[in-house]
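The values are calculated or read from the model by the stated rules, or taken from the named source; none is laboratory data. Not measured: the values here are computed from a predicted model. Cβ atoms come from the backbone with ideal geometry, glycine included; neighbour counts cover every protein chain shown. These accessible areas exclude ligands, DNA and RNA; they are computed on the full protein's heavy atoms, side chains included. Shrake-Rupley method; radii C 1.70, N 1.55, O 1.52, S 1.80 Å.
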Amino acid sequence: MAVETKLPPVLDIIRSNIVKYGNPLAMKGSEVASWAKGFNLPKRGDILFYTGGEYQLLPFIDSLVKTMTHIDQGSKGFSLMMGVRNVLDKAGFNAEKVYASVLAKDRDRYNRVCNKAAHILQRLGYDLCYPGDEELYSGALLYELGFWEDLKEYAQKVVDMIERTGAKTIVCLSPHAAEVLKLVYPQLVPGFSAEVKTFVEMVWEQRDKLPAIPTSKPVVIHDSCRLARELEIDEEIRDILQAVGVPIVEAFRNKKWTTCCGGPSKLLFPELSHTMGSRRVDELEETGAEIILTSCPYCLASLEGGQTKGDKTTVEDLIEFLYRGFAA
Amino acid sequence: MKLDLTKDFAEYAKDLNQASHDENIQKAMTRAVKSYRDTTAETMKRYPHTPDLALEVQGIKTKAIENNPDLLQQAMASVERNKGKAFYAKDAAEAVALAAQIIGKGKTVVKGKSMLGEEIHLREYLEEQGTEVWETDLGEFILQLKKERPMHILSPAIHVPREQVAEIFSKFFGKEVPPDIAAEVAQVREFMRDKYFTSDVGISGANVVAADTGAMVIIENEGNVRLSTGAPPVHIVMVGIEKIVPTFSDAMKVAEVTWRYAQYGIPGYVNIISGPSKTGDIEKVTTYGAHGPKEFYVIFVDNGRSLMARDERFSQALHCLRCGGCMYECPVFQVTAGHFGYTYLGGIGSIWTAFVSGGLEKAAPLLYTCLRCGRCVERCPMSINVPEMVGQLRKMIVNGEQIAQEDLTLAATVGNVSQALSS
């Protein structure tokens, strides 16, 4: 006998947004692609620059979570809000965005991450293509949260999108996208054979061309779980930093033993997620480094969120850090 | 059928948040994690063959779970050959009923630490039947007095600092016990000593069972298992069917890996018990019950394990040695202790909850707490892929699938086990 289990509503909101709108927060394609203005990237080419919309949606997720932290998801208030959402939805508004954008501050910064990544790759000699407002989210959260049936159908749409670009290689900015495209898609979409790479790997291959970043201050690397464990990419980041002449200090728990930033539990257990983020920041700060580098949108947001007042460290994405060399 | 878990999730989230702000838990966990990491790193250096041995044990456990029905049959036959009595209990109800039947009415029992005991609510059941039960493991004893469930599988009272222990003991013993660990330990020693020698029955679990010899291997440090399995006239072992490995030497390998990853370094005691106490010293006539128990019983408990064993997606969960190493490396467990758990704790605990203790309904909040970060896999001597299984179970919940229930008597007859049941 089948059991219909009612889980916290946020899970279904995320699910249906991905399935209906191609993005966990129902952002419009034009919003996802707005970073690319001025780049004039072709829609077809050998190397697909794939943002998956993940850096772009970060400030909205954070705001949504900040709202949710103060609301009991089992309460009537929350259900009511979900009701309001439905009303807004029918009226053609995007409810999550209405809630979320109220508190959205960091939009520009995260949009700029995509911008900087494309810039770096181009300067390293890669010819990129980008599907613009047709770009779809990878569906990693469908996989993560158990919506495997939905993913099966959804993955086909993503593969169609990829195939329209004619690309042989997909460069993923997010390790979550890379994981699902590389390790899960081949099981779901027969014949899917594009080469999936992370931003880190692409840069690593051309690291000799990177401009030096003049600094004597060491940085500490927060390895993302997906990157270090599932994708087994950790030494590459160290090689890259060595190539640009930046000293590294290592945290007690790093590489394959890295500590999770707490990001995955942000949707259901935001307070706990925040505690874990703070603890990881503390671990990283024990090294004495003033710059924390990571290469994952969720790690970036979680570690930043986990910083406390008076913290002297800054958290940057590897993309932002490497861009310093080009901007100088 | 409809199942609304939104309230459960909300309450559970509150509980997790509360735990993460509890100073006692934070103090205890910080100490415990550091101590675990230091000791384990040091003992791995001293015994560098351990990771290779762990790999060998992975092979032993994989085969043993595949051949579980056969091994169960062998183990039961071995116990009977050794003049013990072997039983197979298909579920928790059968297991506790069997134990109660062996114990009889109005008796006193001393009990060693056992997660299986928690799973089948053994103490509660026996107490309801009028049996007096004493937990002899210090941590479990503290929780028995505190009326709480274990917060770690090896250090059940991991979350209770000495000051709180002193309070609990002062109240129970009716005299001032200072917040001094040595004094607290001495107080329990004095109290328990009497219980060992006046109890009717000793109950223990087992870390490993060797099918060929019927040897029960029990690892401990306190000496409470020695006493509670040696002093009373009756010893009952209650053990999950997944603990059986083919040979005695396999069992030794499993035991060594277990204690090394369980932070024991070198355990104070490794008990190997294969039957009742006996002597042939007078005229070579074998007589049972010399100094130790005259009667020896083993209850092999299934309670969902054979379902797990036969599902290739989940059978690896049965390789778990219960060393508890994963918990010290789990970012959620580090801040919430056993609040991230039902009976079984942490990520691996969410899989066990689904199959043996609470079902998908109780497992759901735990399954969605797991970060799927995968550090437990790095720590696990059996490299159990918890994130993969968590994903599978989330999928089942979302799709409304249930864990297939099979007729377990079938599993039992496959191994001719039912014969032993009636004997």
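Mind checking B:10-22 for the average number of partner chain beta-carbons within 10 Å of each residue's beta-carbon?
So the per-residue partner count for this stretch is 4.
Residues of region B:263-291 with backbone nitrogen within less than 20 Å of a virtual label 7 Å along the Cα-to-Cβ line of B:Arg31, please, listed as ranges.
B:263-265
Which of B:Val201, B:Val298, B:Val33 ends up with the largest GNM mean-square fluctuation for chain B, with Cα atoms connected below 10 Å?
Taking springs between Cα atoms under 10 Å, the residue moving most is B:Val33.
About its Cα centre, how strong a charge dipole does chain B have in debye, to the nearest 20, once Lys and Arg get +1 and Asp and Glu get -1 at the Cβ?
Approximately 420 debye in magnitude.
Using a ≥ b ≥ c from the Cα gyration tensor of chain B (square roots of the eigenvalues), is it rounded, prolate or oblate, where a/c under 1.5 gives rounded and otherwise the larger of a/b and b/c decides, a/b for prolate?
Here chain B falls in the rounded category.
Looking only at the protein assembly as shown, where both bridge partners belong to it, what percent of the DSSP beta bridges are antiparallel (to the nearest 5)?
Of all bridge pairs located within the protein assembly as shown, approximately 20 percent are antiparallel.
Express as a percent, rounded to the nearest 5, the fraction of DSSP beta bridges in chain B (both residues included) that run antiparallel.
Here the antiparallel bridges make up roughly 30 percent for chain B.
Could you tell me the total accessible area buried at the A-B interface, probe 1.4 Å, in square angstrom to the nearest hundred?
Heavy-atom accessible area buried at this interface is about 3900 Å².
Quick one: if you stick a label point 7 Å off each Cα along the C-beta vector at B:Ile266 and A:Glu250, how many nm between them?
So the two model labels end up 3.1 nm from each other.
Rank B:Gly289, B:Tyr269, B:Met192 by how far each Cα sits towards the positive end of the charge dipole of region B:163-311 (+1 on Lys, Arg Cβ; -1 on Asp, Glu Cβ) and give me just the farthest.
It is B:Gly289, whose Cα lies furthest towards the positive end.
Tell me, what is the 1.4 Å probe accessible area of B:Trp259, in Å² to the nearest 10?
40
Considering only A:Gly277, A:Asn40, B:Ala97, whose Cα is most displaced toward the positive end of the charge dipole of the protein assembly as shown, charges sitting on Cβ of Lys, Arg (+1) and Asp, Glu (-1)?
Result: A:Asn40, furthest along the dipole toward the positive end.
Please compute the length gained on full extension between B:Glu312 and B:Lys146, using 0.36 nm multiplied by the number of residues separating them and subtracting their Cα-Cα distance.
Gain on stretching B:Glu312 to B:Lys146: 55.8 nm.
Give me, ordered by chain and number, the residues 5 or more places off B:Val133 or on other chains with an amide H under 5 Å from its own placed amide H.
B:Val109
Per residue of the protein assembly as shown, what 222 nm ellipticity follows from adding -39500 (n - 2.57) for every DSSP H run with n ≥ 4, rounded to the nearest 500?
Taken over the protein assembly as shown, the calculation gives -15500 deg cm²/dmol.
What does the charge dipole of region A:194-262 about its Cα centre add up to, to the nearest 20 debye, if the Cβ of each Lys and Arg holds +1 and the Cβ of each Asp and Glu holds -1?
So the magnitude is around 300 debye.
Rounded, prolate or oblate for chain A? Axes are the square roots of the Cα gyration tensor eigenvalues, ordered a ≥ b ≥ c, and the cut-off for rounded is a/c under 1.5.
Note, shape of chain A comes out oblate.
Average partner chain C-beta neighbours within 10 Å, per residue of A:270-278?
Going residue by residue through A:270-278 and averaging, the value is 5.
Rounded to the nearest 20 Debye, what is the dipole magnitude of region A:210-327 about its Cα centre when Lys and Arg each give +1 and Asp and Glu each give -1 at the C-beta?
140
Past 32 Å, Cα to Cα: identify those pairs from A:Lys20/A:Lys309; B:Lys111/B:Lys362; B:Lys63/B:Lys83; B:Lys85/B:Lys113; B:Lys7/B:Lys147, in the order given.
Exceeds cut-off: A:Lys20/A:Lys309.
I want to check the label-to-label distance for B:Lys171 and A:Lys20. Put each point 7 Å from Cα in the C-beta direction and report it in nm to one decimal.
Once both label points are built, they end up 5.3 nm from each other.
Two decimals is fine: what's Rg over Rh for region A:210-327, C-alpha atoms, Kirkwood radius as Rh?
Result for region A:210-327 is an Rg/Rh of 0.96.
Set the Förster radius R0 to 22 Å, insert the Cβ-Cβ distance between B:Asp281 and B:Asp200 as r into 1/(1 + (r/R0)^6), and round the FRET efficiency to 0.05.
0.25
With a ≥ b ≥ c the root eigenvalues of the C-alpha gyration tensor of the protein assembly as shown, is it rounded (a/c under 1.5), prolate (a/b larger than b/c) or oblate?
Note, shape of the protein assembly as shown comes out prolate.
Go ahead and run the numbers for FRET between B:Glu401 and B:His121, Cβ-Cβ distance against an R0 of 22 Å, rounding to 0.05.
With R0 = 22 Å, the Cβ-Cβ based efficiency is 0.20.
Counting partner chain Cβ atoms within 10 Å of every residue's Cβ in B:2-9, what's the average?
Mean shielding by partner chains, rounded to a whole number: 6.
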